[in-house]
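Q: Once you've had a glance at the structure underneath, I'll fire off some questions.
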Amino acid sequence: MARPRKAPEERRVNGPNPRMTTAEKAEVQQHAAILGISPSEFMRRCSLNYRLPAALAVQRHVAALAVALLRLGVNLNQIAHHMNAGRGAPPDLSALIARVDALLDDIYGPGDNGGRAQL
């Protein structure tokens, strides 16, 4: 099934053609590439004061942190299940909690608990 056509007022056909030097054009293209958007989208967002997306490197870093935190959360869930079954705490529990705190500090910044309870 084909994508429905946009209404005429929603189409972006009238675009400014700004004159810029080669260095300025290269800078716009570089900033757009860092953010993972097209140069025209970058210029549109900047000129209309729209929010720019996070840089791709930042997005990848946050995604990697989320995956690491998910893995640690799975480990903590297994430990909680183990302890609720009447067995004692594993010896590496404090190290796991320290790793979770380090990841949360990386997300929220050191000293800011991000609204989470202190462990």
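The values are calculated or read from the model by the stated rules, or taken from the named source; none is laboratory data. Keep in mind that this is a model prediction, so the values were computed, not measured. Virtual Cβ from ideal backbone geometry, glycine too; neighbours counted across all protein chains shown.
Q: Just to be sure, is ASN49 at positive phi and over 18 Å from the mean Cα position of the chain (by Cα)?
A: yes
Q: Now a separate question. Just wondering, is there one or more residues in the range 81-98 that are surrounded by fewer than 13 Cβ atoms within 10 Å (Cβ to Cβ) and touching a helix residue (DSSP H, G or I) at 6+ places or on another chain (Cβ under 7 Å)? So that I can check it myself, show each step before the final result.
A: Filtering the range 81-98 down to residues surrounded by fewer than 13 Cβ atoms within 10 Å (Cβ to Cβ) leaves 81, 84-89, 91-92, 94-95, 98.
Add one more test, that the residue is touching a helix residue (DSSP H, G or I) at 6+ places or on another chain (Cβ under 7 Å), and what stays is 89.
Yes, the range 81-98 has at least one match.
Q: Just need a number here: residues in the range 5-30 that are closer than 15 Å to ARG45 by Cα, hydrophobic (A, V, I, L, M, F, W, C) and at pLDDT below 85.
A: Counting residues in the range 5-30 that are closer than 15 Å to ARG45 by Cα, hydrophobic (A, V, I, L, M, F, W, C) and at pLDDT below 85 gives 0.
So that you can scan it fast, the table gives a plain yes or no per residue for (1) surrounded by 10 or more Cβ atoms within 10 Å (Cβ to Cβ); (2) out of contact with any His (no Cβ under 9 Å at 6 or more places or on another chain); (3) not in a helix (DSSP H, G or I):
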| site | (1), (2), (3) |
| --- | --- |
| PRO16 | no, yes, yes |
| ARG19 | no, yes, yes |
| ALA26 | yes, yes, no |
| PHE42 | yes, no, no |
| PRO53 | yes, yes, yes |
| GLN59 | yes, yes, no |
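Q: Out of ALA33, ALA2, report the one residue that is modelled with pLDDT of 85 or more and in a helix (DSSP H, G or I). Give the derivation first.
A: On the way: ALA2 fails: in a helix (DSSP H, G or I).
Going through ALA33, ALA2 in turn, just one is modelled with pLDDT of 85 or more and in a helix (DSSP H, G or I): ALA33.
Q: Pick from ALA68, ALA32, ALA7: which is over 30 Å from VAL100 (Cβ atoms), of a type in the set (Gly, Ala, Ser) and surrounded by 14 or more Cβ atoms within 10 Å (Cβ to Cβ)? Quick ask: steps written out before the conclusion?
A: On the way: ALA68 fails: over 30 Å from VAL100 (Cβ atoms); ALA7 fails: surrounded by 14 or more Cβ atoms within 10 Å (Cβ to Cβ).
Of ALA68, ALA32, ALA7, the one residue that is over 30 Å from VAL100 (Cβ atoms), of a type in the set (Gly, Ala, Ser) and surrounded by 14 or more Cβ atoms within 10 Å (Cβ to Cβ) is ALA32.
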